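**Student:** Got a structure here, written out as structure tokens. Questions coming.
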Amino acid sequence: MSVDRASLLGKAMHAFKWNVLGVAMRILLQFGAMIALARLIEPADFGFFGGSLLVYGLAVLMADLGLGMALVQRHELTTDIRRAAWGRFLIGHVGAAACVYLGAPWFARLLGAPDLRDGIRAMAPAVLISAFMAMPMVELRRRIDFRRVQMAQVTGYFVGFVLTAIPLAVLGWGGWSLVMALLVQQFVMVVICIRAAPQPLRPRWAKLPDGLPAFGLRVVGSNMANWVTENLDNLLVARFKGLTALGVYSVSYSLARTPANHVVNMIQQVVFATSSRVQDDDASLVRGYLALLKVVGLVTLPVFFGAAVVADSVIQGLYGERWSQAGPVFAALCVAMPFHALMAVAGPILWGRGRTGVELKVQIGVAAALLLVLLLLMDHSLAVLAWGVCAVYAGRAIWMTGALAKDMAIPPARIMRALLSPALLAVFTMALLSLLDNLLASAAVSPVLRLAGLMCGAGAGLLLIMVCCPQRVLGEELAFLFARLPFLQRLRSVRGAET
């Protein structure tokens, strides 16, 4: 099937713009909600929600069986295929919800927290609700219509965690306020997605076309290994150190992962949908990959490495003194997040090219390495454990990037050049924040004002660098990407007409 590449690139850039806007709104919402909730809820209550969320995430992953990605990757979908896929989604989610509800006592014992049983059971309705979002999300991603995807995610989070969780936390619901927020969030997202992309509600119990189940199973295998990599530390902390330690670890993890995951999801959704349509155009994919690599580096390296340097000030400024033990954990996880984001650039391109087996091999190897590292470090402090996780994330990023570079014959020197200016910008940000933090601490500034000063100082410094030497920071990779932004193309058209 021929692809209008100019039109596709325009859609991708339009989707990227909406994803950036949606991500920015969700980060602000989540930070605001988490700051309020962390000051209202004890660490053990966050551990209660975090343990329940572990089971929910695994159940949703298994219920999908990678079919969503397989449907996005397929060139054409008929009504019969959609109905057959909906039948598979329905069976998978009903089965997963039943396993969560009936297996709640076993999951609670596995996590070493019998009190988690009821919280885990409350996740079963959330798993069932998510079934009705599966096909509409597939359709929106196939259209590269991420404006509506972001609208659903932002609205769902606002209604769930701002309008529901905060009032319930004030009323003393503790960890249950977070559980109820998740249920409300899922319901709101389903309603918005169904309205944006209606799908046939009557399933068809028929065999799916050859290739779809196999592709989906490879994807779910990779996702399972990825889930282990991203959640095994939380699981083992709950099992061996208790819910209070899990609360401290999961809040630190969430603070670092919230912006990183939004960047990752934004990249994966747009890049996978786009690369699936241009699977054989290696030159365009290589240029797009290097551009995205630099964008992700510029966004994540200065921010997260800078935050790691002033981790104690960030934690105390946002959450208060009672969370001070989370500072060293947060620092290590901040260092891990750019590696997590850089790894995520390669995965969707491999998927779009049909190379799911390459990522599966990497993810399985990394999951095994993480298990070994965690078992060796489990008797040490949470901070040491977090640095071990950081090392595994760095290894995964290097391995995945190398696998893609080999598959697409990208010289390592081009990858290093793409990441050079982000690395230099990160060094500048770390030095500036360290200096500012020492000055503000010596002046006995309150934690909240100190954090505000650090953010303003770092923002002003980065803006100055961008204004003084934009070409050195952006480089040729971003010039290729920005030259194709829709508003720049319209501007060139207007100038051409005037001349």
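**Student:** Among (1) β-branched (Val, Ile, Thr); (2) surrounded by 14 or more Cβ atoms within 10 Å (Cβ to Cβ); (3) touching a residue at least 12 places away in the same chain (Cβ under 8 Å), where does residue 79 come up short?
**Tutor:** (2)
**Student:** With in the same structural domain as residue 38 (by TED's automatic domain parsing), crowded, with 19+ Cβ neighbours inside 10 Å, at pLDDT 95 or above and at negative phi as the only criterion, which of 97, 131, 85 stands out?
**Tutor:** 97 is the lone residue from the list that is in the same structural domain as residue 38 (by TED's automatic domain parsing), crowded, with 19+ Cβ neighbours inside 10 Å, at pLDDT 95 or above and at negative phi.
**Student:** Please specify each residue of the stretch 398-419 satisfying the condition of being within 22 Å of the chain's Cα centre (by Cα), surrounded by 15 or more Cβ atoms within 10 Å (Cβ to Cβ) and of a type in the set (Val, Ile, Thr).
**Tutor:** 401
**Student:** Taking residue 107 as the residue in question, decide whether it is within 27 Å of residue 234 (Cα to Cα) and either of a type in the set (Phe, Trp, Tyr) or without any contact (Cβ under 8 Å) to a residue 12 or more places away in the chain (or both).
**Tutor:** Details: within 27 Å of residue 234 (Cα to Cα): yes; either of a type in the set (Phe, Trp, Tyr) or without any contact (Cβ under 8 Å) to a residue 12 or more places away in the chain (or both): yes.
Answer is yes for this residue.
**Student:** Moving to a separate point now. May I ask you to say which residue of 218, 204, 195, 142 is over 30 Å from residue 46 (Cα atoms), without any contact (Cβ under 8 Å) to a residue 60 or more places away in the chain and among the basic types (Lys, Arg)?
**Tutor:** On the way: 218 fails: without any contact (Cβ under 8 Å) to a residue 60 or more places away in the chain; 204 fails: without any contact (Cβ under 8 Å) to a residue 60 or more places away in the chain; 142 fails: without any contact (Cβ under 8 Å) to a residue 60 or more places away in the chain.
Exactly one residue qualifies, and that residue is 195.
**Student:** Here's another thing I want to ask about it. Are there any pairs, at least 6 apart or on different chains, whose C-beta atoms fall under 8 Å, with the first in the stretch 232-243 and closer than 18 Å to residue 367 by Cβ and assigned by TED's automatic domain parsing to the domain that holds residue 386 and the second surrounded by 24 or more Cβ atoms within 10 Å (Cβ to Cβ) and acidic (Asp, Glu), and if so, which?
**Tutor:** Qualifying pairs under 8 Å: none.
Listed here are the residues, each with its yes/no results for (1) crowded, with 17+ Cβ neighbours inside 10 Å; (2) on the phi > 0 side of the Ramachandran plot; (3) assigned to a helix (DSSP H, G or I); (4) touching a Gly at 6+ places or on another chain (Cβ under 6 Å).
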site: 172; (1), (2), (3), (4): no, yes, no, no
site: 189; (1), (2), (3), (4): yes, no, yes, yes
site: 247; (1), (2), (3), (4): yes, no, yes, yes
site: 252; (1), (2), (3), (4): yes, no, yes, no
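**Student:** Let me ask you something else. Please name all residue pairs, on different chains or six or more residues apart, with Cβ atoms under 7 Å, provided the first residue is in the stretch 306-319 and is over 18 Å from residue 431 (Cβ atoms) and in contact (Cβ under 8 Å) with a residue 40 or more places away in the chain and the second residue is of a type in the set (A, V, I, L, M, F, W, C) and crowded, with 23+ Cβ neighbours inside 10 Å.
**Tutor:** These pairs meet every condition: 315/326; 315/330; 319/38.
**Student:** So residue 194 passes all but one of these: (1) within 23 Å of residue 78 (Cα to Cα); (2) modelled with pLDDT of 90 or more; (3) assigned to a loop (DSSP other than H, G, I, E, B). Which condition number does it fail?
**Tutor:** Just one mismatch for residue 194, condition (3).
Per-residue answers, yes or no, for (1) farther than 15 Å from residue 230 by Cβ; (2) in contact (Cβ under 8 Å) with a residue 12 or more places away in the chain; (3) outside the structural domain of residue 339 (by TED's automatic domain parsing):
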site: 372; (1), (2), (3): yes, no, no
site: 386; (1), (2), (3): no, yes, no
site: 389; (1), (2), (3): no, yes, no
site: 393; (1), (2), (3): no, yes, no
site: 396; (1), (2), (3): no, yes, no
site: 406; (1), (2), (3): yes, no, no
site: 424; (1), (2), (3): yes, no, no
site: 436; (1), (2), (3): yes, yes, no
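**Student:** One residue is enough: does the stretch 58-69 have a residue meeting the conditions buried (at least 22 other Cβ atoms within 10 Å of the Cβ) and not in a helix (DSSP H, G or I)?
**Tutor:** yes
**Student:** Restricting to the stretch 370-426, name every residue that is part of a helix (DSSP H, G or I) and of a type in the set (D, E, K, R).
**Tutor:** Restricting attention to the stretch 370-426, the residues satisfying the condition of being part of a helix (DSSP H, G or I) are 370-377, 382-408, 412-426.
Across the stretch 370-426, the qualifying residues are 396, 406, 407, 414, 417.
A quick yes/no check of all residues on (1) among the charged types (D, E, K, R); (2) outside any loop (DSSP other than H, G, I, E, B):
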| position | (1), (2) |
| --- | --- |
| 77 | no, no |
| 82 | yes, yes |
| 91 | no, yes |
| 95 | no, yes |
| 98 | no, yes |
| 109 | yes, yes |
| 116 | no, yes |
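**Student:** Tell me which residues, restricted to the stretch 313-338, are among the hydroxyl-bearing types (Ser, Thr, Tyr) and over 18 Å from residue 452 (Cβ atoms). Before the answer, list the steps.
**Tutor:** Here is the first cut: in the stretch 313-338, the ones among the hydroxyl-bearing types (Ser, Thr, Tyr) are 313, 319, 324.
Selection gives 324 alone.
**Student:** Select, from 338, 302, 328, the only residue that is surrounded by fewer than 24 Cβ atoms within 10 Å (Cβ to Cβ), in the same structural domain as residue 382 (by TED's automatic domain parsing) and assigned to a helix (DSSP H, G or I).
**Tutor:** 328
The values are calculated or read from the model by the stated rules, or taken from the named source; none is laboratory data. Note that the coordinates shown come from a computational prediction; the quantities given were computed from them, not determined experimentally. Cβ: placed from backbone, ideal geometry, glycine included. Neighbour counts: every protein chain shown.
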